[in-house]
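J.: Structure incoming, see below.
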Amino acid sequence: MKADSITMKFGEIVALDSVSAEFSPGSLYVLAGPNGAGKTTLLRIVAGLLRQTFGSITFDANAELGVMMQESYLYLDLSARSNLQLYAELYGVPSERAEHLKELLELDNFYDQDVATLSHGQKRRVALARALLNDPNILLLDEPFLGLDTSSVAHLQRFLADYKEKGGIALIATHELELVREYADKLMLLDGGKLKYFGAFNI
């Protein structure tokens, strides 16, 4: 996956200013920077949720994207099971995929509860399962650790380490750099829409 001179303008505001980067399989990239730096905007462009003003995103022929933004995109009046089955049908994937993710992300204890009744951490795990239904090899996560309890943080860390080991590309926007230090490969530092640093995660 390659981003080439990505620029995004909202009227006179330049949210991203000629951002370029290349992403390799089996790597975890941390997108960091202050609020308003352009992190979420870049993720939305890569995910196809926004159309950039200038520049291009290039994917390999076999690219499949999974996206978890801060919005869960879950139906609150449906159970976790019903949400995943519904999205599986929409994505055209076998319902067995939802059952596999239930086991992988340990959703059993609340799988048949309405999403509205779940804790924040439980909702995020269901949202992650939704993002993984199409078995993506590129995973985009916006502040995935926000509001998680210790158990949910540890579970997400284990999953991400395993995802990377299996050859996936993960791009994570987060302020909580300590939580990804052990398994992050590269840091993308944005400030004022500009890419200030793209290299080894050594801070």
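The values are calculated or read from the model by the stated rules, or taken from the named source; none is laboratory data. This one's a predicted model, so the numbers in the text were calculated from it and none came from an experiment. Ideal geometry is used to build each Cβ from the backbone, glycine not excepted, and the neighbour counts take in all protein chains shown.
J.: Could you check the stretch 12-55 and list, in sequence order, the residues that are closer than 24 Å to N202 by Cβ, aliphatic (A, V, I, L, M) and either modelled with pLDDT under 95 or not in a helix (DSSP H, G or I) (or both)?
T.: V19, A21, L28, V30, L31, A32, A37
J.: Scanning for something part of a helix (DSSP H, G or I), over 15 Å from the mean Cα position of the chain (by Cα) and either small (G, A, S) or not assigned by TED's automatic domain parsing to the domain that holds M1 (or both), does the stretch 56-78 turn up at least one residue?
T.: Taking every residue of the stretch 56-78 in turn, none turns out to be part of a helix (DSSP H, G or I), over 15 Å from the mean Cα position of the chain (by Cα) and either small (G, A, S) or not assigned by TED's automatic domain parsing to the domain that holds M1 (or both).
J.: I've got another one for you. So L49 passes all but one of these: (1) surrounded by 16 or more Cβ atoms within 10 Å (Cβ to Cβ); (2) in the same structural domain as Y183 (by TED's automatic domain parsing); (3) in contact with a helix residue (DSSP H, G or I) (Cβ under 9 Å, 6 or more places away or on another chain). Which condition number does it fail?
T.: Of everything listed in (1) surrounded by 16 or more Cβ atoms within 10 Å (Cβ to Cβ); (2) in the same structural domain as Y183 (by TED's automatic domain parsing); (3) in contact with a helix residue (DSSP H, G or I) (Cβ under 9 Å, 6 or more places away or on another chain), L49 misses just condition (1).
J.: Another question, if that's okay. Please find, among G193, G121, the residue that is free of Cβ contacts under 8 Å to residues at least 60 places away in the same chain and over 23 Å from P94 (Cα atoms).
T.: From the options G193, G121, the qualifying one is G121.
J.: Among the helices (runs of 4 or more DSSP H) lying completely within the stretch 79-177, list those that include at least 1 residues that are within 22 Å of L28 (Cβ to Cβ).
T.: 95-104, 120-131, 150-165
J.: Show the residue pairs that are 6+ apart or on different chains and have beta-carbon atoms under 7 Å apart, the first residue being within the stretch 16-39 and under 13 Å from K196 (Cα atoms), the second being of a type in the set (S, T, Y) and part of a strand (DSSP E or B).
T.: Correct list of pairs: L16/T7; D17/T7; S18/S5; S18/T7; S20/S5.
J.: So in the stretch 167-182, with the set limited to residues that are touching a residue at least 40 places away in the same chain (Cβ under 8 Å) and surrounded by fewer than 19 Cβ atoms within 10 Å (Cβ to Cβ), which one is nearest to K102 (Cα to Cα)?
T.: The selected residue is G167.
J.: Determine, yes or no, whether D114 is under 23 Å from L76 (Cβ atoms), crowded, with 19+ Cβ neighbours inside 10 Å and of a type outside the set (A, V, I, L, M).
T.: So D114 fails the test.
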